[in-house]
Amino acid sequence: MKSLRYILLFLPFLMASCIEDGFDMSPSAQPAFSVDTLHMGIHFTESPTPTRRFTVHNRNNKMISISDIAVREADGGAIFRINVDGFAGTEFHNVEIRPKDSIFVFVEATLPPNSTPLITDTKAHLDFTTNGVTGTVVLVASGQDVDRRRGVTITSDQTWNDTYPYQIFDSLVVAPDATLTLGPGASLHFHDKAYLRVYGRLLSQGTTEKPVNMTGDRTDNVVGNISFDLMASQWEGVHFAPESRGNRLSHTIIRNTTTGVVADSLSQVSFTNCRLRNSADYTLVGRYADITLIGTEVTEASSGLFAMMGGNISANHCTFANYYLFSALRGESLQFFHFDSESDNGSGMPLLKADFTNSVIYGNGTDLSVGDFKGTSVTFRRCALKSKGKDDDNFINCLWGEDPLYATVREDYYFDYRLLEGSPLAGAADPLLTLPEAAVDFYGAGRLPTPNIGALQDPAPLPE
């Protein structure tokens, strides 16, 4: 018992000898940072950037106390806001980090206007002073001035150019009898729930070198290195109202929508070398509309890629590919309604006429909602389909069940519908069916004399 009392008496001292308490005051006892420079990405000026973070480690065997943390030398009046280990402020004192532990530092900024169309880097230095020694993390955010438009209605002919990107809040409406022309390189960024509705006419005049972009206004990452460019439902989409005619879009990218592109009753839209992609509902919907698709990609949607209810559809050298990321697919890639006597909905509108030529329909899920088009005006000529069917009067000289070998790698969030070397679609299209408007693809590659089936001509390597 006496021995036990001695052990109990000295136990606290034994335990204390195993625990390193107190602070390391040596100038060599310094924090370590997970980054030397925190790159915050490109963002619109005069709006808060998304939050970025880095880690401050104490790799020492004792506690350290960072006596001062503060921002210095912010360029051009930029405002950097800091949160250290859960506490927000402009400067911090006596921040303690236990041995072999770490804290998070969160940073956001509001960047001043550049007064130039150029993207401009803004820098600041976040200093950490510990035991008389200062370590620094450089903060770098790139700002771009933007033309903000809120609830705009275009009532007379206008041209929007590429000098500044446009940020659209609420809505952009083209009134009847008005034309909105989007010049080469124009970039429209729609805020959450915003939409484009066309009652008059839309001319989108992108080129190979300067395509027109319509997308959401989030430029940051969802998590890690996963960009918001992969996310659907960032804005509502594009709606061509009934009887909106003469709409022509070339080299135009429309992506990350909720409802995709809708062409309503008796509207008329042509897409040449466009990319319609990544919608939470349908990518493209035609309701008794005239729609022409040439060299166009229609890809990635939850409900289906292209829903056709009546109307006149022509698709030449198109790629229909569904590898949607964020939910199970709810419908076939191409869906047909009001196309024969059995599907006649009693609207009195003409039945669907659709002609698909030199195009590919292949991806996850089923390719077509209808297997037999006998007696209808729906035809597929020299198309590649996922189904393992056979030719008849409506399917003429088609390729059945052949994997096109897209360069897309879905699990790596990489979507590129060019063909890999060895694709059965390479050089397999019928050149006699290639329309003059389809002579070159989105990248400017010539199709003839041996065109590929699908929208894209040159092969693409896998990403490194």
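The values are calculated or read from the model by the stated rules, or taken from the named source; none is laboratory data. Small disclaimer: the values here were computed from a predicted structure and weren't measured. Heads up, the Cβs are rebuilt from the backbone with ideal geometry, glycines too, and the neighbour counts pull from every protein chain shown. These area figures cover heavy atoms from the full protein model, side chains too; ligands, DNA and RNA do not enter into them. Shrake-Rupley method; radii C 1.70, N 1.55, O 1.52, S 1.80 Å.
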- Query: Are there chymotrypsin sites (Phe, Trp or Tyr not before Pro) in the range 375-431 that DSSP marks as loop and that have at most 14 other Cβ atoms within 10 Å, and which are they?
  - Reply: TYR413
- Query: Which of the GluC sites (Glu not before Pro) across the range 340-412 are loop residues per DSSP, with 16 or fewer other Cβ within 10 Å?
  - Reply: GLU342
- Query: Taking the Cα centre of each part, how many Å lie between the range 165-216 and the range 322-343?
  - Reply: 27
- Message: Please enumerate, by chain and number, the aspartates and glutamates with C-alpha under 12 Å from the C-alpha of LYS388, excluding those fewer than 8 residues away in the same chain.
- Response: ASP367, GLU402, ASP403
- Take PHE356, PHE337, PHE87 and sort them by solvent-accessible surface of the protein heavy atoms, 1.4 Å probe, largest at the top. PHE87, PHE337, PHE356
- Task: With 24 Å as the limit, write out which pairs from LYS353/LYS386; LYS353/LYS390; LYS100/LYS123 have Cα-Cα distances beyond it, or answer none.
- Result: LYS100/LYS123
- Note on the structure: At R0 = 60 Å the Cβ-Cβ FRET efficiency linking ALA439 and MET25, nearest 0.05, sits at 0.20
- Item | Whole-percent carbon and sulfur share, accessible surface of the range 75-168, 1.4 Å | 48
- Message: With a 1.4 Å probe and all protein chains left in place, how much of the accessible area of the range 405-464 comes from carbon and sulfur atoms, in whole percent?
- Response: 57
- Query: Quick one: Debye curve from the C-alpha atoms of the range 142-255, no solvent, what's log10 I(q)/I(0) at q = 0.20 Å⁻¹?
  - Reply: -1.11
- So what does GLU209 come to for accessible area, using a 1.4 Å probe and Å² rounded to 10? 150
- Task: In Å³ and rounded to a whole number, note down the convex hull volume per residue for the Cα atoms of the chain.
- Result: 213
- Task: Taking the chain as the reference, fit the longest principal axis to its C-alpha atoms, fit the long axis of helix 2-18 to the helix C-alpha atoms, and give the angle between the two in degrees, 0 to 90, nearest 10.
- Result: 60
- Message: Could you compute the net charge surrounding ILE154? Neighbours are other residues with a C-beta less than 11 Å from the C-beta of ILE154; K and R count +1, D and E count -1.
- Response: +1
- Message: Could you report the chain's accessible area per residue, 1.4 Å probe, as an integer in Å²?
- Response: 46
- Task: From largest accessible area down, sort THR155, THR136; use a 1.4 Å probe on the protein chains.
- Result: THR155, THR136
